[in-house]
Amino acid sequence: MFKAIYLQFGAALLAAIGAWVIVGGRGLVSVGVAALAAIVPNLLFAVRLAMVSRRPGASYVANFFVGEFLKIAVTIGLLAVAIREYPEMHWPSLMIGLAIVLHAGFIAFWKKS
């Protein structure tokens with residue numbers, strides 16, 4: 001689970017550098033906002049699942065679904081706050097950065113340990 005977060009962080013760095021080269025500072029900040037809105041909830045979700053897996057008798061499936069719901073809610077909330085607080089948001093950089101970061105986690109499933 002944590003390997004996916006490391007891959008997301010690496011993809012976020014590459015996307016932010018690319019946006020900075022193409023768009024400038026607005027693009028860099030927009031991709032950074034998207035990366036934080038995706039990586040922070042995923043990290044909290046991974047920590048929660050790691051803690052639940054060590055507790056005997058805990059329902060892993062129920063905690064997974066509750067954690068997934070909270071992850072989505074926190075992601076939407078962070079994006080809403082960022083959009084409200086940073087009116088100079090470069091929308092294409094935000095959307096492309098978010099897509100890249102969210103899809104980077106799938107690479108962890110293909111890559112063997």
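The values are calculated or read from the model by the stated rules, or taken from the named source; none is laboratory data. Given the structure is predicted, the values throughout are model-derived calculations rather than measurements. As a convention, Cβ positions derive from the backbone with ideal geometry for all residues, glycine included, and neighbour counts pool all protein chains shown. Each accessible area value is taken on the protein alone, full model and side chains, heavy atoms only, with ligands, DNA and RNA left out. Shrake-Rupley method; radii C 1.70, N 1.55, O 1.52, S 1.80 Å.
The figures follow:
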quantity: Positions within the stretch 91-113 being modelled with pLDDT under 90 and among the small types (Gly, Ala, Ser), in sequence order; calculated: ALA104, GLY105, ALA108, SER113
quantity: Pair list, Cβ < 7 Å and 6+ apart or interchain, from the stretch 81-107 residues that are farther than 16 Å from PRO41 by Cα to residues that are aliphatic (A, V, I, L, M) and part of a loop (DSSP other than H, G, I, E, B); calculated: ILE83/MET89; HIS90/VAL23; SER93/VAL23
quantity: Long-range neighbours under 7 Å by Cβ, at least six apart or interchain, first residue on the phi < 0 side of the Ramachandran plot and polar (S, T, N, Q) within the stretch 29-45, second open to solvent by 20 Å² or more (accessible area, probe 1.4 Å) and outside any helix (DSSP H, G or I); calculated: SER30/HIS90
quantity: Residue count, the stretch 83-98 (criterion: crowded, with 18+ Cβ neighbours inside 10 Å and more than 9 Å from SER30 (Cα to Cα)); calculated: 2
quantity: Subset tally (residues that are more than 19 Å from PHE9 (Cα to Cα) and either touching a strand residue (DSSP E or B) at 6+ places or on another chain (Cβ under 8 Å) or touching a residue at least 12 places away in the same chain (Cβ under 8 Å) (or both)) for the stretch 63-80; calculated: 5
quantity: Condition met for MET1 (modelled with pLDDT under 90, farther than 24 Å from ALA99 by Cβ and open to solvent by 80 Å² or more (accessible area, probe 1.4 Å)); calculated: no
quantity: Any hit, the stretch 51-59, residues being touching a Leu at 6+ places or on another chain (Cβ under 6 Å) and over 22 Å from ALA108 (Cα atoms); calculated: no
quantity: Matching residues in the stretch 79-113 - criterion: being of a type outside the set (Lys, Arg), over 22 Å from ILE17 (Cβ atoms) and not in a loop (DSSP other than H, G, I, E, B); calculated: ALA80, VAL81, ILE83, GLU85, PHE109, TRP110
quantity: Residue list for the stretch 46-62, filter: in contact (Cβ under 8 Å) with a residue 24 or more places away in the chain and either open to solvent by 10 Å² or more (accessible area, probe 1.4 Å) or over 15 Å from the mean Cα position of the chain (by Cα) (or both); calculated: LEU49, ALA50
quantity: Enumeration of residues in the stretch 7-23 that are open to solvent by 20 Å² or more (accessible area, probe 1.4 Å) and closer than 17 Å to TYR86 by Cα; calculated: TRP20, VAL23
